[in-house]
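The block underneath contains the structure these notes are about, expressed in structure tokens.
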Amino acid sequence: MLSRFAKATYYRVAGPFMALNGTLYRHFRAPRSGLQRVHLGPGQRNYIEGWINVDANMFTGKCDVWTDFTGRLPFRDRTLDAIYSHHVVEHLPDLERHFAEAYRCLKPGGTYRVGGPNGDSAIRKFMEGDAGWFSDWPEKRQSIGGRLNNFLLCRNEHLVILTESYLKELMEGVGFRSIVSCLSGSETSRPDIFAPCLSFESKDDRAAPHTILLEGTK
Ligand SMILES: C[S@@+](CC[C@H](N)C(=O)[O-])C[C@H]1O[C@@H](n2cnc3c(N)ncnc32)[C@H](O)[C@@H]1O
């Protein structure tokens with residue numbers, strides 16, 4: 001994992017170029033029609049063929065559009081059928097803006113499947129004293145508090161705690177409706193669209209899923 005300093009330096013130096021690339025893509029290359037599915041933050045392993053994969057990391061990962069999606073998403077209004085992000089939005093500083101952007105880009109009837117570290121499960125497991133539920137990554141910690149810190153803050157990589165009520169509030173606030181909770185790795189309200197995504201997700205235990213996953217429709 002990159003140090004916070006290295007990451008901040010990368011975003012500071014590459015930021016203007018990523019912003020320019022995203023703007024140029026939105027104006028000149030972003031699709032205007034057809035079935036369009038977008039994957040935000042595929043990282044190093046999760047590139048989805050046939051989707052438009054967008055990431056700031058073009059060096060160790062693979063993506064189709066290189067940009068920082070902290071600001072505007074590199075797509076035109078009402079042009080996307082689906083957006084998928086998995087363990088990405090907790091890295092963003094302004095979730096309200098992010099969901100407004102996702103909503104802007106989706107066609108009416110389009111769906112956003114969004115998932116990340118499950119704050120509800122973490123808080124419950126912490127209260128139950130179940131240290132085994134948590135991992136000792138990225139820092140080797142034996143204490144349940146240290147492990148909770150790993151899970152929620154991930155060495156300060158994460159900027160927000162994702163709980164179901166909070167995500168719903170943010171999504172509903174920008175207009176998403178029919179918001180449903182899905183189990184990672186097995187459930188989706190739109191198997192016709194999100195089936196390829198399920199194979200990247202870890203199979204979660206329904207009693208205390210590690211990943212919170214919601215799907216909302218425009
Ligand atoms: C923790 S990884 C998750 C990778 C993959 N989705 C998974 O579930 O394994 C987060 C990914 O989001 C990307 N990312 C985070 N913040 C970003 C931003 N502001 N703009 C573009 N990409 C970003 C990172 O480069 C990284 O590839």
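Look at the dipole of the chain built from charges on Cβ: of P16, N149, G173, the Cα furthest out on the positive end belongs to P16.
For the chain, the convex hull spanned by the alpha carbon atoms encloses 114 Å³ per residue.
Quick check on my link table: of K7/K107; K125/K218; K140/K218; K62/K107, which ones sit more than 30 Å apart, alpha carbon to alpha carbon? Pairs exceeding 30 Å: K7/K107; K125/K218; K140/K218.
Which helices pass in the chain if a helix is a full DSSP H run, must span at least 27 angstrom along its long axis by Cα, and must have mean Kyte-Doolittle hydropathy not below -1.0? Span-like helices, by this rule, are 4-24.
Would you calculate the volume per residue, in Å³, of the smallest convex hull containing every Cα atom of the range 64-105?
Values: hull volume 3.4 nm³, N = 42.
Cα-based convex hull of the range 64-105, divided per residue, equals 80 Å³.
Under Stokes-Einstein, with the Kirkwood radius over Cα pairs as Rh, the value for the range 28-141 at 25 °C and 0.890 mPa s is 157 µm²/s. Considering helices alone, the calculated mean residue ellipticity of the chain at 222 nm is -10000 deg cm²/dmol, with DSSP H runs of length four and up weighted by -39500 (n - 2.57) and normalised per residue. Principal axis analysis of the Cα atoms in the range 153-205 yields extents of 32, 31, 18 Å, listed in decreasing size. Take every pair of alpha-carbon atoms less than 8 Å apart whose residues are at least six positions apart; their mean separation over the length of the chain yields a relative contact order of 18 percent.
Projected over all directions and averaged, the alpha-carbon convex hull of the range 17-57 occupies 3.2 nm².
Each part reduced to its alpha carbon centroid, the range 1-68 and the range 94-126 end up 18 Å apart.
Expressed to the nearest 5 percent, the antiparallel share of DSSP beta bridges inside the chain is 40 percent. Here the Karplus curve 6.51 cos²θ - 1.76 cosθ + 1.60, taken at θ = phi - 60°, turns the phi angles of the range 26-39 into couplings of 4, 7, 10, 10, 4, x, 9, 8, x, 6, 10, 10, 10, 10 Hz, with x standing for Gly and Pro.
Quick note: the coordinates plus some simple rules give every number you see, no bench work behind them. These numbers were taken from a predicted model, which means no experiment stands behind them. Cβ coordinates were reconstructed from backbone atoms using ideal geometry, including for glycine residues, and neighbour counts include every protein chain displayed.
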